[in-house]
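Since the structure comes first, as structure tokens, the remarks are kept for the end.
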Amino acid sequence: MYLDRMIFPIETLGPGQRLVIWTAGCTKHCKGCANPELWETRGRRQRSTGEIAGMIRRIAAEHHIDGITISGGDPLEQAHELLELLDEIAGITEDILVYTGFTYDELDSVLTVEELAHLRSRVGVLIDGRYVEDLNTPDTALRGSSNQDIIFFKDELRERYEQHMAQGRRIQNVYMGSRLISVGIHDREQ
């Protein structure tokens, strides 16, 4: 699996203190994308899902993880690896949020019916759809643009997410090595 970075704790991409994973690889190339550096996989190291799960388990052994957010790139452009990873980290948290540029209706182009059911059983919340710069408005907490949908596969998470989204968009700046990374959903002007 092409993995760019993993950061904990993050409080801007879902409720609570979250472990956030950014995959590399996205062929959609949305205008104004917040992470165009994650479009390409060329020159990047692949990691096994077991290796990534091991890193997640080590963090979970030392810290309480309220949720896991998987973004990118587009994690569903590595659908089979994503499903393997979700199986390997099952039990760490029921609150797994996945961002994808595919709409829910397009998922049948990358997943079989069985794989989609598997995804629904492992993921709590899916935010779908391509980023549309002209639809980036500040009232879309957790979404880059208003065309994207928040799909709850685990309805028991809805209230927690609604409380988080009621706080509006927030940005968290963190250092990763010598790089300053701004994490969250940015307004178009940012």
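Since every read-out is calculated from the coordinates, none of them should be taken as a lab result. The structure presented is a predicted model; accordingly, all values stated were derived computationally and were not measured. Cβ placement follows ideal geometry from the backbone for every residue including glycine, while neighbour counts extend to all protein chains displayed.
Just a few scattered comments:
- Measuring r between the beta carbons of residue 134 and residue 178 and using R0 = 30 Å, the FRET efficiency lands at 0.30.
- Only helices reaching 15 angstrom along their own axis (Cα) with mean Kyte-Doolittle hydropathy no lower than 1.0 count here, and not one DSSP H run of the chain does.
- Globularity index of the stretch 48-190, i.e. its alpha-carbon radius of gyration over 2.2 N^0.38 Å: 1.07
- Estimated inter-spin distance, residue 105 and residue 147, nm [label 7 Å along Cα→Cβ]: 1.2
- Across the stretch 119-190, Cα pairs under 8 Å and at least six residues apart give a relative contact order of 30 percent.
- Sorted on the mean count of surrounding Cβ atoms within 10 Å across their residues, most packed first, peptides 10-16, 167-173 read 10-16, 167-173.
- Here the label points at residue 29 and residue 154, each 7 Å from Cα along the C-beta direction, are separated by 3.7 nm in the simple model.
- Under the criterion of Cα pairs below 8 Å and six or more residues apart, the relative contact order for the chain equals 20 percent.
- Built from the Cα atoms of the stretch 1-126, the convex hull projects on average onto 7.4 nm², one quarter of its surface area.
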